[in-house]
Amino acid sequence: MEGFPILTVLIAVPLLAALACLFVRAEGARWTALGATLLNLALGVLLWANYQPGGPQWQFQEEVRLGGDYLNWQLGIDGIALMLILLSVFLMPICIGASWRAIERRVPEYMAAFLLMEALMIGVFAAQDLLLFYIFFEGGLIPMYLIIGIWGGAERIKASYKFFLYTLFGSVLMLIAMLVMIGEAGTGYIPALMAYDFAPGLQTWLWLAFFASFAVKMPMWPVHTWLPDAHVQAPTAGSVILAGVLLKMGGYGFIRFSLPMFPEASNQFLPLVFILSSVAIVYTSLVALVQRDMKKLIAYSSVAHMAFVTFGLFAFNRQGIEGALIVMLSHGLVSGALFLCVGVIYDRMHTREIERYGGLANNMPGYALLFLLFTMAAVGLPGTSGFVGEFLAMMGTYAVSTWGAIFATTGIILGAAYMLYLYWRISYGAARTEEARTMPDLNRREWALLAPIAAVVLWMGIYPESFMAPMRKDVGLLLARIERAAPAGDSRPTPGNPAAAAPAHAAAAHGGAEAAH
């Protein structure tokens with residue numbers, strides 16, 4: 001792979017395919033988009049096969065000088081970025097397949113928007129220049145705004161504006177902070193900024209500016225209200241990629257910027273993050289319990305699951321951070337699959353009201369089986385991807401805050417309540433309508449969309465080491481960077497206590513004991 005600009009190619013393939021889609025008819029656009037996304041999936045697998053988990057922190061680096069120290073084409077990935085790029089390229093052909101017959105108007109423009117979004121998502125995870133990252137990060141708003149606003153539901157205009165304004169406002173503050181950082185450090189090179197020691201007072205303001213953007217993107221309570229509307233109004237594939245990848249950009253931002261660049265400020269605001277995460281888990285889980293719209297229920301569950309990510313990341317220990325990363329990957333797969341399951345029956349009955357269904361296990365046994373698997377993964381059943389990440393995140397949280405772990409456990413209990421209640425009302429009992437009673441089971445295209453996700457969910461649950469190994473060294477390097485600001489326990493901000501954080505290449509502290517990685 002030496003000398004081959006694979007990251008640039010990963011970005012260029014969907015961009016060129018998006019341009020090509022605009023010059024062909026609907027059927028040609030579908031096949032062009034599917035071919036481009038499958039090619040990117042193959043390139044992603046090649047990237048994974050050639051990544052060296054024990055090698056340099058930054059691999060596949062590329063650089064083209066554009067603007068001196070301020071804006072350059074600088075790409076490179078570590079293990080964390082690798083896993084998120086793989087998640088993106090894995091879900092994208094599934095989204096194209098889900099839109100194959102569901103989208104009938106302005107198909108070339110729709111496919112072009114999805115391909116543009118794929119290029120921008122990969123750019124976010126591969127960018128090593130601060131302003132280049134911002135361009136990719138903000139650029140992703142545009143295609144999703146169009147997908148919701150043009151191909152969405154009855155209230156799509158309101159939802160698209162809400163999505164755009166919420167995310168844009170926080171990102172304006174982040175841009176100001178980036179300009180301050182470039183002026184302070186004299187460079188926009190992200191690896192250099194991750195090793196730069198900003199003054200503690202400046203860290204506070206920079207952390208808040210970045211938090212304004214990443215909290216909305218996650219989304220964290222109380223700036224989550226745009227998400228249910230966006231999910232309900234977006235087409236099925238739009239909901240899959242929104243929940244599967246776009247929400248993960250907030251977590252990636254915390255890992256790449258907030259923790260390594262502003263460790264003291266991250267510790268200073270740790271109680272705030274834990275309080276917001278606790279409220280999010282309990283409040284949004286209770287709201288999910290009373291939803292009548294399937295998409296809205298899954299959307300609120302996403303807010304609760306993202307709270308596990310913030311709990312784990314700000315635990316400042318190996319279990320918490322690794323657990324948060326696995327939760328991000330697992331949630332991307334499971335929530336995407338749940339939205340696909342909703343889309344399958346919506347295409348048949350054109351309603352998302354839970355009360356219109358019932359008894360689907362009788363006439364749709366294949367659908368009921370896969371829906372059950374994804375429901376169990378969302379609940380955190382051992383043997384599925386959901387268990388691994390939530391268990392590690394809770395272990396890491398418990399080492400720092402007992403109350404935080406209690407609230408996280410409450411979220412698991414409530415999550416089981418609303419997900420199993422949803423499954424019971426959809427799949428069991430008597431069919432409430434004649435349409436539900438006579439709906440056909442999954443066709444070959446729908447099996448082809450859902451079966452690969454089911455396989456990866458089980459793979460991650462049974463052998464998570466495949467996904468954790470590329471990230472382990474990077475987590476260790478992050479811990480070495482933030483250990484000076486690690487909290488002592490019970491979420492007390494006590495800078496300068498390295499005992500609560502694991503050394504870079506050794507282990508994580510959990511209750512004071514060391515475990516070899």
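Observations on the structure shown:
- Scan of the stretch 17-49 for residues that are within 14 Å of Ile77 (Cα to Cα) and open to solvent by less than 60 Å² (accessible area, probe 1.4 Å), ordered by number: Gly44, Leu47
- Residues in the stretch 217-242 that are of a type outside the set (D, E, K, R), under 14 Å from the mean Cα position of the chain (by Cα) and at pLDDT below 85: Met218, Pro219, Met220, Leu227.
- For the stretch 432-458, residues that are outside any helix (DSSP H, G or I) and either of a type outside the set (D, E, K, R) or open to solvent by 70 Å² or more (accessible area, probe 1.4 Å) (or both) total 7.
- On the stretch given as the stretch 147-170, residues that are out of contact with any Ser or Thr (no Cβ under 8 Å at 6 or more places or on another chain), part of a helix (DSSP H, G or I) and over 13 Å from Val216 (Cα atoms) total 9.
- Close pairs (7 angstrom Cβ cut-off, 6 or more residues apart or separate chains): touching a residue at least 40 places away in the same chain (Cβ under 8 Å) and closer than 19 Å to Leu66 by Cα in the stretch 170-188, in a helix (DSSP H, G or I) and of a type in the set (Val, Ile, Thr) anywhere: Gly188/Ile182
- Positions within the stretch 133-179 being over 24 Å from Leu75 (Cβ atoms) and of a type in the set (A, V, I, L, M), in sequence order: Leu146, Ile147, Ile148, Ile150, Ala154, Ile157, Ala159, Leu165, Leu168, Val172, Leu173, Ile176
- Criterion applied to Gly476, Gly461, Gly496 was being at pLDDT below 90 and either touching a Leu at 6+ places or on another chain (Cβ under 9 Å) or not in a loop (DSSP other than H, G, I, E, B) (or both), and the one residue passing it is Gly476.
- Residue in the stretch 123-136 that is among the charged types (D, E, K, R) and not in a strand (DSSP E or B) present: no
- Of the residues Met111, Met121, Met144, Met92, the single one that is open to solvent by less than 10 Å² (accessible area, probe 1.4 Å), farther than 30 Å from Asp474 by Cα, of a type outside the set (Phe, Trp, Tyr) and at pLDDT 90 or above is Met111.
- Of residues in the stretch 412-431 being among the small types (Gly, Ala, Ser) and at pLDDT 85 or above, the one most open to solvent (accessible area, probe 1.4 Å): Ala417
- Here Arg101 meets each of (1) open to solvent by less than 10 Å² (accessible area, probe 1.4 Å); (2) charged (D, E, K, R); (3) assigned to a loop (DSSP other than H, G, I, E, B) with one exception, condition (1).
- Residues located in the stretch 233-268, provided they are within 16 Å of Tyr145 (Cβ to Cβ) and of a type in the set (A, V, I, L, M): Ala234, Ala237, Ile241, Leu242, Val245, Leu246, Leu247, Met249
- Test: Ser330 is modelled with pLDDT of 85 or more, of a type in the set (S, T, N, Q), open to solvent by less than 20 Å² (accessible area, probe 1.4 Å) and in contact with a Ser or Thr (Cβ under 6 Å, 6 or more places away or on another chain): yes
- Residues of the stretch 23-56 satisfying the condition of being closer than 16 Å to Phe114 by Cβ and hydrophobic (A, V, I, L, M, F, W, C): Val24, Ala26, Ala29, Trp31, Ala33, Leu34, Ala36, Leu38, Leu39, Leu41
- Helices (runs of 4 or more DSSP H) completely within the stretch 237-333 that count 3 or more residues being touching a helix residue (DSSP H, G or I) at 6+ places or on another chain (Cβ under 8 Å) and among the β-branched types (Val, Ile, Thr): 270-289, 294-313
- Residue check, Trp424 out of contact with any Phe, Trp or Tyr (no Cβ under 7 Å at 6 or more places or on another chain), in a helix (DSSP H, G or I) and closer than 24 Å to Val309 by Cα: no
The values are calculated or read from the model by the stated rules, or taken from the named source; none is laboratory data. All figures in this text were calculated on a predicted structure; none of them were measured in a lab. Cβ coordinates were reconstructed from backbone atoms using ideal geometry, including for glycine residues, and neighbour counts include every protein chain displayed. Just so you know, the surface numbers come from the protein's heavy atoms only, side chains and all, with ligands and any DNA or RNA stripped out. Shrake-Rupley method; radii C 1.70, N 1.55, O 1.52, S 1.80 Å.
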